[in-house]
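The structure under discussion appears below in the form of structure tokens.
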Amino acid sequence: MQESNNRILVINPGSTSTKIGVFDNDISIFEKTIRHESEVINQFDNIIDQYEFRKNTILETLDNEGINISKLNAVCGRGGLLRPIEGGTYAVNDIMLEDLRSGYSGQHASNLGGIIAYEIATGLNIPSYIVDPVVVDELDPVARISGFSLIERKSIFHALNQKAVARRVSKDLGKRYEDLNLIVTHMGGGITVGAHKKGRVVDVNNGLHGDGPFSPERAGTVPAGDLVSLCYSGDFYREEVMKKLVGQGGLVGYLETNDAVKVEKMIENGDEKAKLVYSAMAYQVAKEIGAASAVLAGKVDAIILTGGLAYGKDFVKEISDKINWIADVIVQPGENELQALAEGALRVLRGEESEKQYPGNVKKKTKA
Ligand SMILES: Nc1ncnc2c1ncn2[C@@H]1O[C@H](COP(=O)(O)OP(=O)(O)OP(=O)(O)O)[C@@H](O)[C@H]1O
Ligand SMILES: CCCC(=O)O
């Protein structure tokens, strides 16, 4: 019997762009990255103030492409900085909307994903979802202990891409994600290394707020005592220090660019500092992978390298040479977040998975 068609609009708002896609079941029929000029985006004081502008831009784009939204069956957005929740596909509900609007765990462009998905879907009387937001939290209790009793470690990472790539690789290996131990390393503007133990990310560095390897734009873990001294030196405002850690940290801080392709050119042209710093980033990533292998007690089925930096052949080689004794290294460059959003919504629409209710764990089956 032929499967009925589920047409899904997916929305992934990033800091400088909004990526959208329309899928018929898991087949993409339209994808577009709508870039937002910084002069336009900087007019807004807060992320939430961009809501009307981004929603209208999406609707105009679909209209210009001749895509009739009345044919949609669901809308799925990238979820944002919500309360910590386990991975999965969540129905957008009132508490979630409130948390996204107020920035419960902070400001992030993806906070707009669920809100816009809900508004478009409600007008059409169809369901709206978010899938694997950055706050997916499946940490083992032991991983929460930071060593400083006033601060608990948090799980903030590229959950959507990490989980999607982990599922894809598991399928390629002919196994279920829930039966494997994987180390998934997403290397983009931020870098996160997740220890996936039988389908749960039991440890991962907080890639947004200073933990783990440094990345193109972020400092990662820095020596705590020196950071405290710098904060109290009187030389910087709080926001300045935060910017130096996130946004202007990592490659940007050392080399004034977040573009690894440019850094590779600098190295080709004999820039020794660029070579050292780029190597240090690979070194720190490898160290974090080593730590994740200890979390999994050495029982690692594969190590996956993904994200934009995984296109860098020398960078990947430098990491692989240090860690390929642990397990096979599988390179999956780039990210496929639109596809992952569509697949997450589809699993629920097809009844393969239950939609989850935020923030609790009360599950409701939509279809038998
Ligand atoms: N061919 C390539 N070789 C080396 N590096 C590359 C290549 N293509 C992209 N990159 C680098 O990948 C990084 C961006 O990765 P990506 O696009 O995954 O990040 P993002 O989506 O902006 O951020 P995040 O993944 O953290 O959400 C940049 O430093 C970019 O220069
Ligand atoms: C680490 C969370 C996702 C991001 O890089 O913004």
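The table for this structure:
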quantity: For the chain, accessible area per residue (1.4 Å probe, heavy atoms of protein chains only), Å²; calculated: 48 Å²
quantity: The chain: angle of helix 313-323 to the longest principal axis, Cα-based, in degrees nearest 10; calculated: 70 degrees
quantity: Separation of the residue 294 and residue 328 label points, Cα + 7 Å toward Cβ, nm; calculated: 2.7 nm
quantity: Among 242, 82, 315 the positive-end extreme of the charge dipole of the chain (Cβ point charges); calculated: 82
quantity: Cα gyration tensor shape of the stretch 1-97, rounded if a/c is under 1.5, else prolate or oblate by comparing a/b with b/c; calculated: oblate
quantity: Neighbourhood charge, 15 Å Cβ-Cβ cut-off, centred on residue 104 and excluding it, Lys, Arg +1 and Asp, Glu -1; calculated: -1
quantity: Qualifying GluC sites (Glu not before Pro) for the stretch 186-245 [loop in DSSP, other Cβ within 10 Å: at most 11]; calculated: none
quantity: Of all DSSP beta bridges in the chain, antiparallel share, percent nearest 5; calculated: 60 percent
quantity: Farthest positive-ward along the chain dipole, Cα basis, beta-carbon charges - from 108, 263, 354; calculated: 354
quantity: With all protein chains modelled, accessible area of residue 226 [1.4 Å, Å²]; calculated: 110 Å²
quantity: Ratio of Rg to Rh over the chain (Cα coordinates, Kirkwood Rh, two decimals); calculated: 0.96
quantity: Loop-located chymotrypsin sites (Phe, Trp or Tyr not before Pro) in the stretch 1-85, at most 16 other Cβ atoms within 10 Å (DSSP); calculated: 44
quantity: Estimated inter-spin distance, residue 150 and residue 236, nm [label 7 Å along Cα→Cβ]; calculated: 1.9 nm
quantity: Student exercise, the chain dipole from Lys, Arg, Asp, Glu Cβ charges, in Debye to nearest 20; calculated: 980 debye
quantity: Selected from 295, 222, 246 as most flexible by GNM, with the chain as the system and alpha-carbon contacts under 10 Å; calculated: 222
quantity: Loop-located trypsin sites (Lys or Arg not before Pro) in the stretch 174-237 whose Cβ has at most 16 other Cβ within 10 Å (DSSP); calculated: 175, 176, 198
quantity: Long-range HN-HN contacts of residue 191 with modeled amide H, under 5 Å; calculated: none
quantity: Alpha carbon centroid spacing (whole Å) that separates the stretch 280-336 from the stretch 12-58; calculated: 31 Å
quantity: Computed accessible area, residue 311, all protein chains, 1.4 angstrom probe, square angstrom; calculated: 150 Å²
quantity: In order through the stretch 113-124: 3J(HN,Hα) via Karplus (6.51 cos²θ - 1.76 cosθ + 1.60), integer Hz, x for Gly, Pro; calculated: x, x, 5, 5, 4, 4, 5, 5, 5, 4, x, 9
quantity: Beta bridges by DSSP in the stretch 160-333, antiparallel share as percent, to the nearest 5; calculated: 55 percent
quantity: Added length on full extension, which subtracts the Cα-Cα distance from 0.36 nm per residue, residue 268 to residue 5; calculated: 89.7 nm
quantity: Fraction of accessible area attributable to carbon and sulfur, the chain (%, probe 1.4 Å); calculated: 50 percent
quantity: Helix-derived mean residue ellipticity, 222 nm - over the chain, DSSP H n ≥ 4, -39500 (n - 2.57), to 500; calculated: -11000 deg cm²/dmol
quantity: Mean-position separation - Cα centroids, the stretch 95-142 and the stretch 166-186, in angstrom; calculated: 25 Å
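The values are calculated or read from the model by the stated rules, or taken from the named source; none is laboratory data. Bear in mind the structure is a predicted one, so any value in this text is a computation, not a measurement. Neighbour counts are summed over all protein chains in view; Cβ atoms, including those assigned to glycine, are modelled from backbone coordinates with ideal geometry. What goes into the accessible areas is simple: the full protein's heavy atoms, side chains included, and nothing from ligands, DNA or RNA. Shrake-Rupley method; radii C 1.70, N 1.55, O 1.52, S 1.80 Å.
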